[in-house]
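Colleague: Okay, here's the structure, questions in a sec.
Since every read-out is calculated from the coordinates, none of them should be taken as a lab result. In this text the structure is predicted, and so the values were computed from the model without any measurement. Cβ placement follows ideal geometry from the backbone for every residue including glycine, while neighbour counts extend to all protein chains displayed.
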Amino acid sequence: MSLPPRLRMVSGMRFAQEKIEGYTIRAYAPDAITVNEEVIRTSVVVTPGQILTDWLPERFEELDATHLARLEELNPEIIVIGTGDKLRFPEPHFTAGFLMQGIGVEVMDTNAACRTYNILLSEDRNVVAALMLG
């Protein structure tokens, strides 16, 4: 997938983009995600309009259906789930309700999820990123 001209990855895991409205992910490391200028060292939900640090467990192994079900309150068009430093899939019933409602769900490692969130944000999509560290 090629990146839009306004958005490109530079120097490792730091991201650079022209001005995009909303909360953008500026950098990712296994122990931190930088959203705009704020460094977050916990699992986080990021939307174009808000940052929520109290919705997700710290580790993927602690994830249950109730953590993801709450994302519906944000009225997303698409949900990007970052599962930490490696790709792991939540139980299918955790995301089945979203798919039945026509809400897209993408699961990937958190590094890829950060890039994907920024791409969808640059396309003015109503995206929600649920990002776990580690």
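Colleague: For Gly134, enumerate residues with amide H under 5 Å from its amide H, sequence gap 5+ or separate chain, H modeled in the peptide plane.
Modeller: So Gly134 has HN proximity to Asp85.
Colleague: Which FRET efficiency, nearest 0.05, do Arg41 and Gln101 yield, Cβ-Cβ r, R0 30 Å?
Modeller: Between Arg41 and Gln101 the formula returns 0.40.
Colleague: Further, regarding this structure: Give the calculated FRET efficiency between Glu77 and Asp109 to the nearest 0.05, with a Förster radius of 22 Å applied to their Cβ-Cβ distance.
Modeller: 0.50
Colleague: For the range 7-132, give the share of DSSP beta bridges that are antiparallel, in percent and rounded to the nearest 5; count only bridges with both residues there.
Modeller: Expressed as a percentage, antiparallel bridges in the range 7-132 total about 60.
Colleague: Which order, highest average first, do 84-92, 120-128 follow once you tally other Cβ atoms within 10 Å for each residue and take the mean per peptide?
Modeller: 120-128, 84-92
Colleague: Go ahead and estimate [θ] at 222 nm for the chain from helices alone: -39,500 (n - 2.57) per DSSP H run with n ≥ 4, summed, over the residue count, rounded to 500.
Modeller: It lands at -5500 deg cm²/dmol.
Colleague: Please list log₁₀ I(q)/I(0) at q = 0.14, 0.20 Å⁻¹ for the range 43-122, using the Debye equation with identical point scatterers on the alpha-carbon positions.
Modeller: Scattering profile of the range 43-122, log10 relative to I(0): -0.41, -0.92.
Colleague: Taking neighbour Cβ counts within 10 Å as the exposure measure, how do Ile25, Ile79 sort from fewest upward?
Modeller: Ile79, Ile25
Colleague: Looking at the chain, I'd like the Rg to Rh ratio, where Rg is from alpha-carbon atoms and Rh is Kirkwood's inverse mean 1/r.
Modeller: That ratio equals 0.93.
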